[in-house]
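J.: I'd like to ask you about the structure that follows.
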There are 2 protein chains.
Amino acid sequence: MSGKKVIVFLADGTEEMEFTITVDVLRRAQLDVTVVGVQLAHGTYAECSRKVKIVPDVLLEHEGQSWNRSDYEAAVIPGGAPGANTMKDNVEVQDIISLLYEKQKIVAFICAGTLVAKAAKIPEGHKVTSYPGVKDQLTDVYKYSEDRVVVDQNVITSRGPGTAMLFALTIVEQLLDKQVVEKLKQEMLTASTL
Amino acid sequence: MSGKKVIVFLADGTEEMEFTITVDVLRRAQLDVTVVGVQLAHGTYAECSRKVKIVPDVLLEHEGQSWNRSDYEAAVIPGGAPGANTMKDNVEVQDIISLLYEKQKIVAFICAGTLVAKAAKIPEGHKVTSYPGVKDQLTDVYKYSEDRVVVDQNVITSRGPGTAMLFALTIVEQLLDKQVVEKLKQEMLTASTL
């Protein structure tokens, strides 16, 4: 373990590829990932956008005051519009994203997840991307890019399921280094262009 | 819904990216996917290779005689060595794969999953691929390829997490058509080369 701790949020309607690829790749890189469930209707698992059912490691509601937010080096918001909307409207998720951003930790958003950056008041002027369908909700505040992944200081954003592998490897590169990324790409047999 | 029914097996130690990408992409294509859990230690969920916890739709053990095997147009075996080994040693999984193969339905294997083809006595001489680490267990029976995805009659095989998107889209193409695949690639923003 690198010892670096990362939160990945999970809600009903989260895009399960974006979620799973990120968690899997980060754990392959020996990062210490905690999957945090947000307002799950079924209590113990999230029903994702294509009905894959995933059990979080902890529930946000159960963490309460014991949650040591300053322990974390990064937080990740996957897409899937219903899941991202739940996270966007959750004050505690907003607070965690905002706090980590202020402490210059990494905050990473993919697909409709980038809407959470805006809700958490990540300052305007940042260069971001997102799923094309939510672009119009972001251009009033951010510089919009159509790159597959955008790294702007400590804000990482990406576009959709097909860019999730590149997104996850970019988070690994920012938290660790390029050598780990190269090793993972070999081990996972990724395509030459992502 | 196209009405075509597909089984995707899930066990403890299954590679969660390979599993989730396949289920998600097939469901985006309106295929009717059933996730079938095999011998899950925790009963209600599989603990996958990187500790993502996934709840199956049904448990193999509970299906018993009510399981109408001939309803299915395809069955998929994801990788992750411990999960693939559980499936390989499970007589009912072997029977389902063998029956669907005999009925000229699609049987699809990725990563260490290709070992299940051999255990299910998919006839020798087929051209297959797999995760490089299990190649030596397959070359005595099959023609081995290092292509990212191999389609040989009704047997589809692939290599690892980085080829899972191409694997899933190839299953869609074989069950439906190329137009659906092109639509999904656009919607998911996949890379130009997979």
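J.: Going through segment A:141-194 one residue at a time, which ones are under 13 Å from the mean Cα position of the chain (by Cα) and aromatic (Phe, Trp, Tyr)?
T.: The one that is under 13 Å from the mean Cα position of the chain (by Cα) and aromatic (Phe, Trp, Tyr): A:167.
J.: If you don't mind, another one. Filter segment B:62-109 down to residues that are among the acidic types (Asp, Glu) and under 19 Å from residue B:48 (Cβ atoms), then give me how many there are.
T.: The number of residues fulfilling the criteria is 1.
J.: Which numbered condition in (1) surrounded by fewer than 22 Cβ atoms within 10 Å (Cβ to Cβ); (2) more than 7 Å from every other protein chain (Cβ to nearest Cβ) is the only one that residue B:189 fails?
T.: (2)
J.: I'm trying to understand the selection: among the residues of segment A:153-192, which are within 17 Å of residue B:194 (Cβ to Cβ), among the hydrophobic types (A, V, I, L, M, F, W, C) and not in a helix (DSSP H, G or I)?
T.: Across segment A:153-192, the qualifying residues are A:189, A:191.
J.: Please go through segment B:137-146 and give me each residue that is of a type in the set (D, E, K, R) and in contact with a strand residue (DSSP E or B) (Cβ under 9 Å, 6 or more places away or on another chain), ordered by number.
T.: Within segment B:137-146, just B:143 meets the criteria.
J.: Scan segment A:126-145 and tell me whether some residue there is of a type outside the set (A, V, I, L, M, F, W, C), modelled with pLDDT of 95 or more and closer than 26 Å to residue A:71 by Cβ.
T.: yes
J.: Exactly one condition in (1) more than 14 Å from chain B (Cβ to nearest Cβ); (2) over 21 Å from residue A:5 (Cα atoms); (3) surrounded by 23 or more Cβ atoms within 10 Å (Cβ to Cβ) is not met by residue A:97; state its number.
T.: Only one criterion in (1) more than 14 Å from chain B (Cβ to nearest Cβ); (2) over 21 Å from residue A:5 (Cα atoms); (3) surrounded by 23 or more Cβ atoms within 10 Å (Cβ to Cβ) is unmet by residue A:97, namely (2).
J.: So is residue B:102 among the charged types (D, E, K, R), modelled with pLDDT of 95 or more and out of contact with any strand residue (DSSP E or B) (no Cβ under 9 Å at 6 or more places or on another chain) or not?
T.: So residue B:102 fits the description; yes.
J.: Just to confirm my filter: which strands (runs of 3 or more DSSP E) fall fully inside segment B:1-87 and include at least 2 residues that are more than 9 Å from chain A (Cβ to nearest Cβ)?
T.: By residue number, B:5-10, B:32-37, B:72-77.
J.: Moving on. List the number of the failed condition for residue A:150; all other conditions in (1) out of contact with any helix residue (DSSP H, G or I) (no Cβ under 8 Å at 6 or more places or on another chain); (2) crowded, with 21+ Cβ neighbours inside 10 Å; (3) in a loop (DSSP other than H, G, I, E, B) hold.
T.: (3)
J.: Say we look at segment B:127-144 and pick out the residues that are under 20 Å from residue A:185 (Cα atoms) and outside any helix (DSSP H, G or I); which of these is nearest to the other protein chains (Cβ to nearest Cβ)?
T.: The residue in question is B:131.
J.: Shifting gears a bit: Cβ-Cβ below 8 Å, separation at least six or inter-chain, first residue in segment A:47-76 and under 12 Å from residue A:9 (Cβ atoms) and at pLDDT below 95, second acidic (Asp, Glu) and surrounded by 13 or more Cβ atoms within 10 Å (Cβ to Cβ): which pairs?
T.: A:60/A:92
J.: Is it the case, given these coordinates, that residue A:169 is within 17 Å of residue B:18 (Cα to Cα) and aliphatic (A, V, I, L, M)?
T.: yes
The values are calculated or read from the model by the stated rules, or taken from the named source; none is laboratory data. As the structure is a prediction and not an experimental result, all values here were calculated from the model. Cβ sites come from the backbone with ideal geometry, for glycine too, and all protein chains shown count toward neighbours.
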